[in-house]
Amino acid sequence: MNLSSSTIGSLILFHLLLASPSPYCVAHIECAEIIEYLQTCVGYLKHGGASDKPPSTCCDGVKAVLNKLKSVDDKRDACNCIKAIVQITKLKLENARNVPIKCGIKIPFQISPDFDCSS
């Protein structure tokens, strides 16, 4: 899995920004933790074709994130995190949308840069 330096730089910057403590938000799962769980999905998200399936480790990462989402706030925070990742990286949006489907997992929100995570 080859990541461009700009993708790695974007993920590191995003990770640092979201890992910074905020006096306004207490989450049970941090965006940095979500990014770590989903790292094994990057190859599929960037280069996977329509007939490809994400690696089982990617599906396991998605399941691990879902297991951490205990409250409405957790789900909203995860939604906003994934929405931001989709907006700032060069991932194939269609592949991101297909991960839950191809892994046989139901998630509590749509993967889209336009989805309203507060609903």
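Between beta-carbons, use under 13 Å as the cut-off and find the net charge around Leu45, counting Lys and Arg +1, Asp and Glu -1. Could you put the intermediate results ahead of the total?
Working: positive: Lys46, Lys53, Lys90, Lys92, Arg97, Lys102; negative: Asp52, Glu94.
It works out to a net charge of +4.
When you count, for each residue, the other Cβ atoms within 10 Å and take the mean per peptide, how do 91-97, 58-64 rank with the highest first?
Values: 91-97: 16.4, 58-64: 18.1.
Taking the mean over residues of other Cβ atoms within 10 Å, the ranking is 58-64, 91-97.
So what's the net charge close to Ser112: Lys and Arg +1, Asp and Glu -1, counting the other residues with Cβ under 10 Å from its Cβ?
Details: positive: Lys83, Arg97; negative: Asp114, Asp116.
Result for the local shell: 0.
How about Lys75: which lysines have a C-alpha closer than 22 Å to its C-alpha, ignoring those fewer than 8 places off in the same chain?
Within the straight-line limit of under 22 Å, Lys75 reaches these lysines: Lys63, Lys83, Lys102, Lys106.
Tell me the net charge near Ile34. Cut-off is 9 Å between Cβ atoms, Ile34 excluded, with +1 for each Lys or Arg and -1 for each Asp or Glu. Can you show the working numbers first?
Working: positive: Lys68; negative: Glu30, Glu33, Glu36, Asp77.
Once all neighbours under 9 Å are counted, the net charge is -3.
Read the figures in this text as sums done on the coordinates, not as results from a lab. Treat the numbers as computed from the prediction; the structure is a model and nothing was measured. Positions of Cβ are generated from backbone atoms using ideal geometry, with glycine treated the same way; all protein chains shown enter the neighbour counts.
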